[in-house]
Amino acid sequence: MTAEALPDLAGHFGRYGGRFVPEALVRALDELDAAYREAKNDPVFQDRFHGLLRDYAGTPSLLYRAERLSEALGAEILLKREDLNHTGAHKVRNVLGQALLAKRMGKPRVIAETGAGQHGVASATAAALLDLECVVYMGETDTERQALNVARMRMLGATVVPVTNGSRTLKDALNEALRDWVASVDTTHYLLGTAAGPHPFPEIVRDFVGGIGTEAREQCLTQLGRLPDAIAACVGGGSNAIGIFHAFVPDQQVRLYGFEAGGDGVETGRHAASITGGSAGVLHGARTYVLQDEDGQTVESHSISAGLDYPGVGPEHAWLHDTGRAAYEPVTDDEAMAAFQLLCRTEGIIPAIESAHALAGAARIAPRLAAELGRTPTIVVNLSGRGDKDVHTAGAYFGILDQVETIVPGENS
Amino acid sequence: MSISATFGKAKAEGRSVLVGCMPAGFPTVDDSIASMVAMAEAGCDVIEVELPYSDPVMDGPVIQKASDIALANGVRTRDTLRIIEAVAGAGATVVLMTYWNPIERYGVDAFARDLAAAGATGMITPDLIPDEAGEWIAAADRYGIDRTFLVSPSSTDDRLAMTVANCRGFVYATALMGVTGARTSVSSQAPELVARVRAVDPEMPVGVGLGVGTGAQAAEVAAFADGVIVGSALIRCVLEAPDLATGHQRLRALSAELAEGVRSGAPS
Ligand SMILES: Cc1ncc(COP(=O)(O)O)c(C=O)c1O
């Protein structure tokens, strides 16, 4: 079977994917699958989706030739500017698609899980726009780390539920969202935030964010007159990466690179690199690569980037890895932050720390590709989001927060 | 005793089977063995040993908490097998309830072999549906383990028939749309779900779980189901007790109350 035709009807990408869920959810997943297939072939739905993407989210996002960064890295670097989308990341594409699907299925309520809060904010945004009730599950640890995003969600009318069990982070928020869904499927759509989870989510999310890749491919052909040598994307659950990869999968000459969060370094055990530092298993409804111990218990992930801090990955990436069509490598916190600073200083763009992993990866592969090709390589980097949400984390990392921290609320009037 | 023999015996006695659930290694390996033996002695016909898992999406707060405690205290998959061996050795009929990943990690065939050797007669898989269970079904058959899949009020007729056809021993009917945890009232969806299973296969015993916590509720469920499955309410006896001795006392008392319940309900 060709890569473009996957998954199969049961949601398998080779041995990965599928459905490892309570029976109680199967009917909802089947209904979602059927509704999605209808919507996919319904010009009215597609017009509405693409209309919102264009007029509301601000896509197609620019493909920007980053001159000074290119010079610094010794490669022609093109940035796919998903950071300029409404809500500041590629995630808006997925939530608009799924919220429209929820409407179409007659479900008045959506639930979502969020780590950094980006998907939560995007979900709350789409819910406000389309008049849906929205409940966002967020690990308690993350609600503390990302208080501003909690406030954003509430401003948009969403209810934020701090999750206090397990490790109190993204994976536990996902568990809690699944538990809610088991009890509420009749009225509720689970707006899953990445290209992972049980079938049909990996396929639906891939298709909704797939515009990143089709746009980038066209933009390359128009702006360069040719395809790039490589694509670089960060991989958390895998949505922005599969979104930009998918259109290029048939172009064998285009190398696909996914950069996972290496945290303190894969060798330290403190990382979130599910493919490069994990093993095949089942988590959150699909067979894929997961961080697990000898007994198959999920191991906590670590990353400076909350959006990559997840111990699993979408099943299509597991398959692309095993087949060799895409290559996955870990990028450490320090490498990502160096790339973060480089982009700030060379281009005047503050990236999301997630996206900085893709930039660091591009910096790493540039000399390799140059040697291999015998010329300056062209690399498209998916700049999946902007760094506004990360100012606190990055400020603390670079030690430039001292004045801000002394401001006590109420005293600075 | 095998699962079918246990259900057969109860049927002959004109009552339902009481299935009591406890996470392995909660709060420690030895304590959980003592809890399970106490439950069996006080009237649980089947002990459902739950293998603690880091991400139990079908479980409510009580089982999550108990599982977390067991894991924090270091329980391993091989300890669960040892617990099963001890409890089955004490004469109880034991089934394992487990999420799928730990089994895949252990090795599906090896696990079925070791589970059978430990003396378990069946295995319940809350997040493994027959559609994905080819390897498990083959392994379970190879080692004579009864496989129990779940049916839900939301299951379509086709899925219900397919799921029941893939079960051996008994079917687990989740009485309501939701996760585990004792509720104040028994779901009205449960009798209908049981009737739907019976319509597909009149011979297949049906156990009903999710929400049962008292003798009266057990009697209510026993009136229409072959088995009454109780988890959170029993676990809470230990979880909320000031010390283990008190916990075991409460566990025995509740088990006895539930055992009386399954005998006072008029089985269909
Ligand atoms: C900007 C940005 N990029 C990437 C990610 C990682 O998710 P995914 O791997 O699904 O693209 C996130 C998640 O929050 C994000 O906010």
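Bear in mind that the values in this text are calculations on the coordinates, not laboratory data. Since this is a predicted model, take the numbers as computed values, not measurements. Cβ sites come from the backbone with ideal geometry, for glycine too, and all protein chains shown count toward neighbours.
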TODO: Sort B:M177, B:M36, B:M162 so that the residue with the fewest other Cβ atoms within 10 Å of its own Cβ comes first and the one with the most comes last.
DONE: B:M162, B:M177, B:M36
TODO: Any chance you could list the semi-axes, whole Å, largest first, of the equivalent ellipsoid that the Cα gyration tensor gives for region B:34-183, using √(5λ)?
DONE: 23, 19, 16
- [ ] In a Gaussian network model over chain B where Cα atoms closer than 10 Å are linked, find which of B:V19, B:V46, B:V57 has the largest mean-square fluctuation.
- [x] B:V57
TODO: Work out from phi, with θ = phi - 60° and the Karplus expression 6.51 cos²θ - 1.76 cosθ + 1.60, the ³J(HN,Hα) of each residue of region B:149-161, listed in order in whole Hz, and give x for Gly and Pro.
DONE: 9, 9, 10, 10, x, 8, 4, 6, 4, 4, 5, 4, 5
Task: Euclidean distance of C-alpha centroids, region B:237-268 and region A:21-93, integer Å - done: 54 Å
Task: Percent of beta bridges antiparallel (DSSP, chain B, rounded to nearest 5) - done: 0 percent
Task: Exercise: per-residue mean of other protein chain Cβ atoms within 10 Å, A:277-287 - done: 3
Open item on the list: How shielded is B:52-64 by partner chains, expressed as the average number of their Cβ atoms within 10 Å of its Cβ atoms?
Closed with: 6
Open item on the list: If I model a spin label as a point 7 Å beyond the Cα along the Cα-Cβ vector, how far apart are those points for A:S279 and A:R15 in nm?
Closed with: 1.2 nm
Task: Whether region A:280-413 is rounded, prolate or oblate, judged on the alpha carbon gyration tensor where a/c under 1.5 counts as rounded - done: oblate
Task: Gyration tensor (alpha-carbon) shape descriptor, the protein assembly as shown, a/c threshold 1.5 - done: prolate
Task: Among A:V121, A:V95, A:V26, residue whose mean-square fluctuation peaks in a GNM of chain A (springs only between Cα atoms under 10 Å) - done: A:V26
Task: Descending Cα extents along the principal axes, region B:3-257, whole Å - done: 46, 41, 33
Open item on the list: At a 10 Å Cβ-Cβ cut-off, how would you order A:K91, B:K65, fewest neighbours first?
Closed with: B:K65, A:K91
Open item on the list: Just checking the output field for B:97-105: average partner chain Cβ neighbours within 10 Å of each residue's Cβ?
Closed with: 6
TODO: Only bridges with both residues in the protein assembly as shown count here: give the DSSP antiparallel percent, nearest 5.
DONE: 20 percent
Open item on the list: Taking 41 Å as R0, compute the FRET efficiency from the Cβ-Cβ separation of A:Q223 and A:I400 and round it to 0.05.
Closed with: 0.70
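What ranking do A:320-327, A:135-142 get when scored by the average of other Cβ atoms within 10 Å per residue, highest first?
Top to bottom by mean Cβ count within 10 Å: A:135-142, A:320-327.
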Task: Relative contact order, percent, chain B [alpha-carbon distance under 8 Å, six or more residues apart] - done: 22 percent
Task: Positive minus negative residues near A:D388 (Lys, Arg vs Asp, Glu; Cβ under 12 Å) - done: +1
- [ ] For region A:262-269, just list the computed ³J(HN,Hα) in residue order, Karplus coefficients 6.51, -1.76 and 1.60, θ = phi - 60°, integers in Hz, with x standing in for Gly and Pro.
- [x] x, x, 7, x, 4, 5, 7, x
- [ ] Find how many whole Å separate the alpha carbon centroid of region B:40-98 from the alpha carbon centroid of region A:100-141.
- [x] 36 Å
Open item on the list: Once you keep just the Cα pairs under 8 angstrom separated by 6 or more residues, what percentage relative contact order results for chain A?
Closed with: 19 percent
Open item on the list: Show me the ranking of peptides A:101-108, A:170-177 by mean Cβ neighbours inside 10 Å, starting with the highest.
Closed with: A:170-177, A:101-108
Open item on the list: Which of A:I212, A:I304, A:I400 ends up with the largest GNM mean-square fluctuation for chain A, with Cα atoms connected below 10 Å?
Closed with: A:I400
- [ ] Please sort through the DSSP H helices of chain A and keep those with an alpha-carbon extent of at least 27 Å along the long axis and a Kyte-Doolittle average not below -0.5.
- [x] A:353-373
